[in-house]
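Below is one structure; the comments refer to it alone.
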Amino acid sequence: MRITRYTHACVRLEQDGRVLVVDPGTWSEPGALAGADGVLVTHEHTDHVDVLRLAGAGVPVFAPEGARLPGPVSLPVTRVRAGQQFTVAGFTVRAVGGRHATIHDGQPDCVNLGYLVDDAVYHPGDSLHLPGRPVQTLLVPAQASWLKLSEAIGFARTVGAAHTHPIHDAQLNDRGLASVNGWFTETLGDGYRYLPPGATA
């Protein structure tokens, strides 16, 4: 499976001519959706979903049951829930998790699903919910209002994937990104690799 990283939390998965995109938000490049056969949305925040762009793309979209997708247009979606297994663009997807991580005082409180694709690649959205089974590639949140670096590193170590790539880093400047990458590399070794937007693994 080929993984292409886009800005912030958006990734594009390709295999045998099939294309699945996860979390194409307002901060990610429009080109992430070119030729997409399906889209997974982890939760309702605009850095993870651009409703207007998705409506124009006309591609099947799968989003959590109960998510309130913001935007000036209505977006047809297939609703999924934690524990559900389904097929999108020929990929087998397992939805896990349930709620967005807390920033403070119980906020925000919205539904968030992580997606395990073909039992190989795991995108947790805005949470550190464990996938519940071994995965080959982990997409680990690197920075967020709701996240401590120690938690992200602990999450990555617990998942124990052969390959770990950071996502959710658009609010880091170059110095901050270098520091975060340094700590992940020191802890995870050769299994960790930063993918700048547009790079593939």
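For region 131-145, a residue qualifies if it is surrounded by 13 or more Cβ atoms within 10 Å (Cβ to Cβ), touching a strand residue (DSSP E or B) at 6+ places or on another chain (Cβ under 9 Å) and in a loop (DSSP other than H, G, I, E, B), and the qualifying residues are Pro131, Gly132, Val135, Gln136, Ala142, Gln143. Summed over region 107-163, residues that are over 15 Å from Phe184 (Cβ atoms), free of Cβ contacts under 8 Å to residues at least 40 places away in the same chain and aliphatic (A, V, I, L, M) total 3. Scanning region 72-83 for residues being at pLDDT below 95 and within 20 Å of the chain's Cα centre (by Cα) gives a total of 1. When restricted to residues that are more than 16 Å from Ala170 (Cβ to Cβ) and not in a loop (DSSP other than H, G, I, E, B), region 5-16 contains 4. Pairs are defined by a Cβ separation below 7 Å, a sequence spacing of at least 6 or placement on different chains, a first member in region 28-54 that is in contact (Cβ under 8 Å) with a residue 60 or more places away in the chain and more than 15 Å from Thr7 (Cα to Cα), and a second member that is among the polar types (S, T, N, Q) and crowded, with 16+ Cβ neighbours inside 10 Å; the pairs so defined are Thr42/Asn112; His43/Asn112.
The number of residues in region 40-70 that are under 19 Å from Val96 (Cβ atoms) and either acidic (Asp, Glu) or modelled with pLDDT under 95 (or both) comes to 2. Residues in region 94-110 that are modelled with pLDDT of 95 or more and within 16 Å of Ala9 (Cβ to Cβ) were compared, and the one that is surrounded by the most Cβ atoms within 10 Å (Cβ to Cβ) is Gly97. Of the listed requirements (1) in a strand (DSSP E or B); (2) over 13 Å from the mean Cα position of the chain (by Cα); (3) under 24 Å from Leu130 (Cα atoms), Val19 misses just one: (3).
The values are calculated or read from the model by the stated rules, or taken from the named source; none is laboratory data. What you are looking at is a predicted structure, and each value in this text was computed from that prediction instead of being measured. As a convention, Cβ positions derive from the backbone with ideal geometry for all residues, glycine included, and neighbour counts pool all protein chains shown.
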